[in-house]
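Only the coordinates and a few stated rules stand behind these numbers; no lab work does. Computed from a predicted model, the values in this text were never measured in an experiment. Ideal geometry is used to build each Cβ from the backbone, glycine not excepted, and the neighbour counts take in all protein chains shown.
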């Protein structure tokens, strides 16, 4: 079966998006040397919303003055507004709980528990949309999650029992699963830039009262501090989630959340290339296990939107393994 250019672009977008997100924990840790986790998240969101706002404004102006086609006005229903509001709140909660967990426990524990999102996304599709999954899909998902645990196995062995941070990471995974489900619905009508503009703006407004109540410092006080809040905004939010939102036009939210399991794989590879950190046996074994789990889960998924979507999901894994 030939793979369409749109499918190839969606595949590349999802992989590049996850690759960009793999830098997230590093940026959070660096930015928290000056400001709190909530302030770090707030700056990431308002900076990203500024970029998406400028981009949407540029597209509107260029379409009006440099295109012969009439500019199509985007219409919003009350259901759209409620869905956008819920998505923004879920995204704010995801980032707040994840950032807080990184201050309460080791990165390994936070990363593993946060990557349980596919479980909650699949549970949401079953409860809300009555989508059914084959046993092979559930087995593949379990294997892929086990693979991410294997990657961090050595770190987990020396990690202490930090219950609060672990609980916060699990909560962030629940909200992330809900976030993917709602973005998938929004993607049927709106462009990635429009969706991310609303999500980032709403999430920033939700977090601002928390900063005011806790009297945390809102903005960094040095050039380095600004660098470490601009980087997650540009790389993780704009590039990472912008590309994942784009891919949701072709792949289901369950598939995208499963691909999100590649984040620790990319993190380990980047650490090897940039910081010359050695890849252990458990790292390499975890990479293989994640890919095997993704293949089993995605190629056997029954909860696709359509027969075309099901074939696309199978193509996704076959192409991924060729890479």
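Assorted remarks:
- 5 Å-binned pair-distance histogram of region 182-272 (Cα, whole percent): 3, 11, 15, 19, 19, 15, 12, 6, 1
- As a rough guide to protection, the peptides 138-148, 254-264 ranked by mean Cβ packing within 10 Å, highest first, stand as 254-264, 138-148.
- Spin-label pair residue 249/residue 281, simplified geometry with 7 Å Cα→Cβ offset, distance in nm: 4.7
- Residue ranges 213-224, 82-93 sort as 82-93, 213-224 when ordered by packing (mean number of other C-beta atoms within 10 Å per residue, highest first).
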